[in-house]
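Engineer: Okay, handing you the structure first.
The values are calculated or read from the model by the stated rules, or taken from the named source; none is laboratory data. For clarity, every value in this text was computed on a predicted model and none was experimentally measured. No Cβ is skipped: glycine too gets one built from the backbone with ideal geometry, and neighbour counts run over all protein chains shown.
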Amino acid sequence: MKGLPAETDFVVMGAGIAGLRAAIALAEAGRVLVLAKRETPNFKASDPKSDLAWLGDEDEIILHVQDTLDAGDGLSKAAAVKILVEEGAERIDELLAWSKGHGTKLRFEPENTRSRSRMLHTQGESTPREVLRILLEKAQSLKNIPIASFTFTTDLVCEAGRVSGISVLDDKGVPQEIACSAVLLATGGMGQLYRNTTNLETATADGVALAVRAGAEVSDMEFVQFHPTTLYMKKVPRFLLPERLRAEGALLRNIELNRFMAKYHPLGERAPRDLVSRAIVHEMEISLAKDPVVYLDVTHLNAAKVQRRFSRVYAGCMAHNLDITEDLIPVRPAAHYSVGGVRTDLNAKTNVAGLYAAGEVAATGVHGANRLASNSLLEDLVFGARGGKSMCAAEKPASRSTRQPKAAYSNGPVEPGMEELIGQIQDLMWNEVGIVRTRTGMQKAVKTLEEMAPKVAHPKTRRGYEASHLRLAASLVARSALAREESRGAHYRIDNPDHDDRKFLKHSIVRGDKVVFLP
């Protein structure tokens, strides 16, 4: 689009699945400005290296209430799960209708001949990629939805206790204010809190930080899901290697090439992912290697079958000169999904008037203490649509702004020390608030992050703002984790390894300087 407007009716921050689905719902009520931190994907161009970015754990999506409640470890909200499953089928049927005549490989079929459940899949390709392609084509077909790429939001503008606009840096780094009647956050996750993550470099907790600064509550921030096996090679992004590999016979070997999972769980490599992650971390620690890894081994499996069943993994690794049918795959766990986030009701409303949130940035209660692998895409679709509809009903289109935008100034050079500071945050979180946590480690993290605050108090560049957002989000995660004196779901404390249902069968909520627990 040519330049940013001074005002619009609605702003959606994020051009992923949740953001685009919300924008489509909002388009009937007014002008919707969608902001993307980077360019929108080019679905016509494809190569094995870029396709690795779409490897995930959501290629087969099954609508299951009980599995979702079980994964949530006592904290999934039944009403939210019921909405997810009931409306999930409607949203998927809607996608199929929009894609008719566009050559989609998306299929929504019975899980098996005896099941009433239906499974969404894309015939061996990335389901999230295909869903995003359909939504992007739909959004681009609607005249009320311009998408602004490379636009970074630095603040939410609040007047009389409600959000009334945003402050941004445009694609040239020039600041601007945009007035609107309401904002929906769909900024995704915060994996860049950690040294090892499957998330893109844009996952810098922007939505959480902006919301908190505007007065919004956040919930369940301590629950960060780690994927046990991600590709670990120099100068190669941490791509997820799906759990199906282990389910179909892949073995885990330590740095001495010995199998080790039998020591940790009778199911061996098929143990639950959180336990596998903890086992790998322990094996890496006791190896005393300078750059420790473990290996995923599929060399004993039929090579032709591996290439056929895991064609995208095979092609992507071959693009980095790794033949998985002959070579061991070096892996490490990595931060993958943020279960908690900005606290919302079932219609994506936060406690701040004019502010909504959907997708990974939000805490709807669907996931409880741990996410069932296939549920985040459904949550994006269902609560993105709900958020858009809720905004249509509750918010009036913005009146023409008489507010003068701030004077533009050059973004200037990169702020010195920001990359080093971000690296310090990532190492601190990985070591002290990562897969295995202790009271002393989390106390150290809370104190260190507090001491970092003055260094990011007055950011001037995009990277400076990202450092500020990461520091604030890291503090929220560390404080929430320290307050939950038990282990549950994706939160594991070696000093409190068991559940404490009497005190903590509740959701953490950060309110100012306090962390409280409520049903």
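Engineer: Does residue 286 satisfy the criteria of being exposed (fewer than 14 other Cβ atoms within 10 Å of the Cβ) and of a type outside the set (Gly, Ala, Ser)?
Structural biologist: yes
Engineer: Considering only residues that are in contact with a Ser or Thr (Cβ under 8 Å, 6 or more places away or on another chain) and in a helix (DSSP H, G or I), look in region 72-102 and name the one that is surrounded by the fewest Cβ atoms within 10 Å (Cβ to Cβ).
Structural biologist: Once the filter is applied, the top-ranked residue is 96.
Engineer: Can you go through 216, 209, 279 and tell me which one is buried (at least 20 other Cβ atoms within 10 Å of the Cβ) and not in a helix (DSSP H, G or I)?
Structural biologist: 216
Engineer: Among (1) touching a residue at least 24 places away in the same chain (Cβ under 8 Å); (2) not in a loop (DSSP other than H, G, I, E, B), which single condition is residue 150 missing?
Structural biologist: Among (1) touching a residue at least 24 places away in the same chain (Cβ under 8 Å); (2) not in a loop (DSSP other than H, G, I, E, B), the lone unmet condition for residue 150 is (2).
Engineer: Take region 366-385 and flag every residue that is out of contact with any strand residue (DSSP E or B) (no Cβ under 7 Å at 6 or more places or on another chain) and small (Gly, Ala, Ser).
Structural biologist: 368, 373, 384, 385, listed by residue number.
Engineer: Starting from residues that are crowded, with 16+ Cβ neighbours inside 10 Å and assigned to a strand (DSSP E or B), keep the ones in region 103-125 and report whichever is modelled with the lowest pLDDT.
Structural biologist: 118
Engineer: Further, regarding this structure: Under the condition of being among the charged types (D, E, K, R) and outside any helix (DSSP H, G or I), which residue from region 323-381 is farthest from residue 252 (Cα to Cα)?
Structural biologist: Per the stated criteria, the residue is 349.
Engineer: Sort out which residues of region 302-333 are surrounded by 14 or more Cβ atoms within 10 Å (Cβ to Cβ), without any contact (Cβ under 8 Å) to a residue 60 or more places away in the chain and not charged (D, E, K, R), and write them in order of number.
Structural biologist: 303, 306, 307, 314, 324, 325
Engineer: Restrict the check to region 300-309 and report whether at least one residue is more than 30 Å from residue 79 (Cα to Cα) and in contact with a Pro (Cβ under 8 Å, 6 or more places away or on another chain).
Structural biologist: Quick first cut of region 300-309, residues more than 30 Å from residue 79 (Cα to Cα) only: 300-309.
Among the residues that remain, those that are also in contact with a Pro (Cβ under 8 Å, 6 or more places away or on another chain) are: none.
No - not one qualifying residue is present in region 300-309.
Engineer: Inspect all residues belonging to region 413-423 and state whether any of them is more than 30 Å from residue 78 (Cα to Cα), out of contact with any Gly (no Cβ under 6 Å at 6 or more places or on another chain) and surrounded by 14 or more Cβ atoms within 10 Å (Cβ to Cβ).
Structural biologist: Checking region 413-423: at least one residue is more than 30 Å from residue 78 (Cα to Cα), out of contact with any Gly (no Cβ under 6 Å at 6 or more places or on another chain) and surrounded by 14 or more Cβ atoms within 10 Å (Cβ to Cβ).
Engineer: If I ask for residues that are closer than 14 Å to residue 221 by Cβ and not hydrophobic (A, V, I, L, M, F, W, C), which ones from region 481-505 would you list?
Structural biologist: Scanning region 481-505 gives 484, 488, 489, 491.
Engineer: Criterion first (in contact with a strand residue (DSSP E or B) (Cβ under 6 Å, 6 or more places away or on another chain) and crowded, with 23+ Cβ neighbours inside 10 Å) does residue 241 satisfy it?
Structural biologist: Working: in contact with a strand residue (DSSP E or B) (Cβ under 6 Å, 6 or more places away or on another chain): yes; crowded, with 23+ Cβ neighbours inside 10 Å: yes.
Yes: the conditions hold for residue 241.
Engineer: Additional query: Got a sec? Which of 293, 276 is closer than 25 Å to residue 71 by Cβ, at pLDDT 95 or above, touching a Pro at 6+ places or on another chain (Cβ under 8 Å) and in the same structural domain as residue 231 (by TED's automatic domain parsing)? Explain how you work it out, then say what you get.
Structural biologist: Numbers: 293 fails: closer than 25 Å to residue 71 by Cβ.
The match here is 276.
Engineer: Cβ-Cβ under 8 Å, sequence separation 6+ or interchain: first residue in region 187-205 and touching a residue at least 40 places away in the same chain (Cβ under 8 Å) and farther than 20 Å from residue 12 by Cα, partner part of a loop (DSSP other than H, G, I, E, B) and basic (Lys, Arg). Which pairs?
Structural biologist: Close Cβ pairs satisfying both conditions: 196/238; 197/238; 198/238.
Engineer: Please find, among 173, 161, the residue that is of a type in the set (Gly, Ala, Ser) and touching a Lys or Arg at 6+ places or on another chain (Cβ under 8 Å).
Structural biologist: 173
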